[in-house]
Amino acid sequence: QWTTASIVDEQVERIRAQVGDGKAICGLSGGVDSAVAAALVQRAIGDRLTCVFVDHGLLRAGERAQVERDYVSATGVRLVTVDAKERFLTALAGVTDPEEKRKIIGREFIRVFEQAELDLQAEAGGDKYRFLVQGTLYPDVVESGGGAGAANIKSHHNVGGLPDDLEFELVEPLRALFKDEVRRVGTELGLPETIVQRQPFPGPGLGIRIIGEVTAVNLDILRAADSIAREELTAAGLDRDIWQCPVVLLADVRSVGVQGDGRTYGHPVVLRPVSSEDAMTADWTRLPYDVLERISTRITNEVAEVNRVVLDVTSKPPGTIEWE
Ligand code: XMP
């Protein structure tokens, strides 16, 4: 019988056989896949697993705390957080081109992770972490093997994914599973809903949701608007109905508005609610008008720099889900 519990048992046995008495490291992104992969490995080898979470400063409100608090309290895993906010902001200064942003974020991420690994090694008296845990899913395996869609639309940067020349042996306990199975395994392992039911969020984070320069000020504006949209969608019970809802700050655009007696000249934010099966294609989600109205009213009232909220009604294709 192929139950979730039996998947867990079988994977735990395999991991033990593979890792032996070695040590493993896992980059947590805050997403479901890396979280579940790490929890499985932890069940198998206990404190010989160390997780690393790189805070690149491009996270949404509360995300770092969620990983540090919810994930650690549910698993007891050893977690090292690297605060690399300044480093990423400096590297991104003056950059507005989407592909350039993606490449910079990917490159910096790898450097920070490599350094973290060296630090951990030194701390362990030079004892190497031979194994790298990755949350690779079955669809990822198929996609990279099949070479589907050779056209390079975007340089997808998955925070879980690191280059091969890092010289680790990979541990990929989710390679045979689909997303819904991964969620069930996560629940079986006792992970909290906030992690298991999380909607997809891109590795480059809010960096590719700011149209214009990624600055500390723009990040704060977007974080505030995004957190209102998420709050209202959750309150309306819509989290399971939508695939995800990026909130995009048009930092390069200003428009005239009026608030009280005064003229404003602020930025628009875009709501991009989408429905999808696999993110390859998507439709824009017909959100209830009253929910859209609450989001719009709250954002324009509570986020001073934003005076207009617009709705993206484009499917994919021709639009991609993210704006960059
Ligand atoms: P697009 O914008 O290509 O997005 O329609 C498809 C899905 O992928 C997510 N996405 C990413 N995920 N690293 C990731 O891990 C990335 O660089 C990245 N770019 C986009 C996006 O949120 C959507 O779910």
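The values are calculated or read from the model by the stated rules, or taken from the named source; none is laboratory data. Everything numeric in this text was worked out from a predicted model, so none of it was measured. With ideal geometry, Cβ positions are generated from the backbone for all residues, glycine too; neighbour counts draw on all protein chains shown.
Observations on the structure shown:
- Test for residue 36: is it assigned by TED's automatic domain parsing to the domain that holds residue 9, within 16 Å of the ligand (Cβ to nearest atom), touching a residue at least 40 places away in the same chain (Cβ under 8 Å) and in a strand (DSSP E or B): no
- Test: residue in segment 54-69 that is in contact with an Asp or Glu (Cβ under 7 Å, 6 or more places away or on another chain), within 16 Å of the ligand (Cβ to nearest atom), farther than 25 Å from residue 166 by Cα and not hydrophobic (A, V, I, L, M, F, W, C): yes
- Of 302, 232, all but one fail to be away from the ligand (no atom under 16 Å from the Cβ), modelled with pLDDT of 95 or more and buried (at least 19 other Cβ atoms within 10 Å of the Cβ); the exception is 232.
- Residue list for segment 56-105, filter: of a type in the set (Lys, Arg) and under 21 Å from residue 320 (Cα atoms): 60, 101, 102, 103
- Taking the listed residues 269, 248, the one that is in contact with a Phe, Trp or Tyr (Cβ under 6 Å, 6 or more places away or on another chain), outside the structural domain of residue 153 (by TED's automatic domain parsing), surrounded by 19 or more Cβ atoms within 10 Å (Cβ to Cβ) and assigned to a strand (DSSP E or B) is 248, with no other qualifying.
- Scope segment 254-266; condition part of a loop (DSSP other than H, G, I, E, B) and under 11 Å from residue 306 (Cα atoms); matching residues: 254
- Checking every residue in segment 255-265 against the condition of being more than 16 Å from the ligand (Cβ to nearest atom), of a type in the set (S, T, N, Q), closer than 17 Å to residue 202 by Cα and out of contact with any helix residue (DSSP H, G or I) (no Cβ under 7 Å at 6 or more places or on another chain) gives zero matches.
- Whichever residue in segment 90-143 is among the hydrophobic types (A, V, I, L, M, F, W, C) and exposed (fewer than 14 other Cβ atoms within 10 Å of the Cβ) and, among such residues, is farthest from residue 218 (Cα to Cα): 124
- Test: residue in segment 281-290 that is surrounded by fewer than 18 Cβ atoms within 10 Å (Cβ to Cβ), in a loop (DSSP other than H, G, I, E, B), within 12 Å of the ligand (Cβ to nearest atom) and assigned by TED's automatic domain parsing to the domain that holds residue 213: yes
- Count of segment 183-218 residues which are assigned to a loop (DSSP other than H, G, I, E, B) and away from the ligand (no atom under 12 Å from the Cβ): 10
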